[in-house]
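J.: Below is one structure. I have some questions about it.
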Amino acid sequence: MNHLVSPSILTADFGNLEKEIKMLNGSLADWIHLDIMDGVYVPNISFGFPVIEKVKMISSKPLDVHLMIADADRYIKRFREAGADILTVHYESCIHLNRTVTEIRSLGMKAGVALNPHNPVWLLKNILPYIDMVLIMTVNPGYGGQIFIEESWNKIKEMKEMIDEKGYNVLIQVDGGVDLSNARKLVEAGVNVLVVGNTVFSSSDPQGTIAALKRLD
C-alpha cells in the first residue's frame, strides 16, 4: 500500500527527545508529526519553536507541523524558519484561509487544512485547488491517546469522493485513535497519511510497529 506514516512526537519521551528522533530516523516513518498547541485554540499546551528547531537539527525526515493555535497567520513564516516542511492550519483559525494557504506555499511548504470532528467536509470545497493535504481529525484536538470517533468514516468517504470528482492532487491525512486495528481500513477508505502517536511510542518495539503500519499485512 502506497501510504505514508507520520509518527506524532506528542507522546514521545521528551526527556530523551534526541534518542526518540534518531529512532524515527532509523525507522520506515515517512514524516515526523509535531502538534503545536497554545492553550487557547485547544485546552492544552505542547511546545514551540525551540523544540521544532532542535527536532529539525536531528531529523532526517520532513517535519509535518500541525498548528492547533489561535491566529495561526501571525507565525507562518516563523514556522518555516524553524524547520516546517508541511504546515497544517485549522479551518476556524484563519479568517482568510485562501490567503493563509497561499502564503504557506509561497514560503516553500506544503499547505494542509484540518477539520475538527464537528466540521463537515463541504467547508473545504472551494479551498481544495489551493492545498496539498486535508487533515481529518478523528478525535477532538488537544490530547493524545484518545479513542477514534466512528463517525469519521463517513467524512473520509465524502472527502475522498470530493477530491476524486475534480481530480485534485490532495492527500487525506487522519489524526487520532489510529492503530493497527484500523490502519488498513483507513488506507482502503482513501487515507494517504496516518498520524500515529501513542501506538508507536507506547510500543515495546516502536520501529517494528511503524514497519507494521507501513506493511499493513
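The values are calculated or read from the model by the stated rules, or taken from the named source; none is laboratory data. Because the structure is a prediction, the values reported are computed rather than measured. Every residue, glycine among them, receives a Cβ derived from its backbone with ideal geometry; neighbour counts consider all protein chains shown.
J.: For the subset of the stretch 159-178 comprising residues that are charged (D, E, K, R) and surrounded by 15 or more Cβ atoms within 10 Å (Cβ to Cβ), which member is modelled with the lowest pLDDT? Spell out how you get there, then give the answer.
T.: Within the stretch 159-178, the first condition is being charged (D, E, K, R), and the residues that meet it are 160-161, 164-166, 175.
In the following step, the residues that additionally are surrounded by 15 or more Cβ atoms within 10 Å (Cβ to Cβ) were identified as 160, 175.
On the way: LYS160: 97, ASP175: 93.
Only one residue tops the list, namely ASP175.
J.: Conditions: (1) over 17 Å from LEU135 (Cβ atoms); (2) in contact with a Lys or Arg (Cβ under 9 Å, 6 or more places away or on another chain). VAL191 meets all but one. Number of the miss?
T.: (1)
J.: Does the stretch 6-13 contain at least one residue that is of a type in the set (Val, Ile, Thr) and buried (at least 18 other Cβ atoms within 10 Å of the Cβ)? Reasoning before the result, please.
T.: Going residue by residue through the stretch 6-13, those that are of a type in the set (Val, Ile, Thr) are 9, 11.
Narrowing further to those that are buried (at least 18 other Cβ atoms within 10 Å of the Cβ): 9, 11.
Looking for residues that are of a type in the set (Val, Ile, Thr) and buried (at least 18 other Cβ atoms within 10 Å of the Cβ), one finds at least one in the stretch 6-13, hence yes.
J.: Also: Against the definition (buried (at least 22 other Cβ atoms within 10 Å of the Cβ) and touching a residue at least 12 places away in the same chain (Cβ under 8 Å)), how does VAL187 come out, yes or no? Quick ask: steps written out before the conclusion?
T.: Values: buried (at least 22 other Cβ atoms within 10 Å of the Cβ): no; touching a residue at least 12 places away in the same chain (Cβ under 8 Å): yes.
No, not satisfied.
J.: Just checking, how many residues over the stretch 43-56 are in contact (Cβ under 8 Å) with a residue 40 or more places away in the chain and of a type in the set (A, V, I, L, M)?
T.: First pass over the stretch 43-56, keeping only residues in contact (Cβ under 8 Å) with a residue 40 or more places away in the chain: 43-44, 55.
Checking which are of a type in the set (A, V, I, L, M) leaves us with 55.
Residues meeting the conditions: 1.
J.: Among the residues of the stretch 19-36, is there at least one that is farther than 30 Å from LEU216 by Cα and in contact (Cβ under 8 Å) with a residue 12 or more places away in the chain?
T.: Scanning the stretch 19-36 turns up no residue that is farther than 30 Å from LEU216 by Cα and in contact (Cβ under 8 Å) with a residue 12 or more places away in the chain.
J.: When the stretch 101-121 is examined, which residues are found to be without any contact (Cβ under 8 Å) to a residue 40 or more places away in the chain and crowded, with 22+ Cβ neighbours inside 10 Å? Steps first, please.
T.: Looking only at the stretch 101-121, we keep the residues that are without any contact (Cβ under 8 Å) to a residue 40 or more places away in the chain, and these are 101-111, 113, 116-120.
Hits for the stretch 101-121 are VAL101, ILE104, MET109, ALA111, VAL113.
J.: Still on this structure: Kindly provide the set of residues from the stretch 57-83 that are within 19 Å of LEU4 (Cα to Cα) and without any contact (Cβ under 8 Å) to a residue 40 or more places away in the chain, ordered by number.
T.: Going residue by residue through the stretch 57-83, those that are within 19 Å of LEU4 (Cα to Cα) are 59-66.
Within the stretch 57-83, SER59, SER60, LYS61, PRO62, LEU63, VAL65 meet the criteria.
J.: Considering (1) within 19 Å of the chain's Cα centre (by Cα); (2) modelled with pLDDT of 95 or more; (3) within 27 Å of ILE36 (Cβ to Cβ), say which one LYS185 fails and leave the rest.
T.: That leaves (3) as the condition not met.
J.: Follow-up question, since we're still on this one. So which of ASN140, ASN98, ASN154 is touching a residue at least 12 places away in the same chain (Cβ under 8 Å) and farther than 22 Å from HIS33 by Cα? Give the derivation first.
T.: Details: ASN140 fails: farther than 22 Å from HIS33 by Cα; ASN154 fails: touching a residue at least 12 places away in the same chain (Cβ under 8 Å).
Exactly one of ASN140, ASN98, ASN154 is touching a residue at least 12 places away in the same chain (Cβ under 8 Å) and farther than 22 Å from HIS33 by Cα, namely ASN98.
J.: Hey, among ILE45, ILE52, which residue is surrounded by fewer than 22 Cβ atoms within 10 Å (Cβ to Cβ), under 16 Å from the mean Cα position of the chain (by Cα) and either of a type outside the set (Phe, Trp, Tyr) or farther than 20 Å from VAL174 by Cα (or both)? Quick ask: steps written out before the conclusion?
T.: Working: ILE45 fails: under 16 Å from the mean Cα position of the chain (by Cα).
So the residue among ILE45, ILE52 that is surrounded by fewer than 22 Cβ atoms within 10 Å (Cβ to Cβ), under 16 Å from the mean Cα position of the chain (by Cα) and either of a type outside the set (Phe, Trp, Tyr) or farther than 20 Å from VAL174 by Cα (or both) is ILE52.
J.: Ok, one more. Which of the residues spanning the stretch 85-116 are under 15 Å from PRO62 (Cα atoms) and touching a Pro at 6+ places or on another chain (Cβ under 9 Å)?
T.: Passing the criteria: ASP85, ILE86, LYS110.
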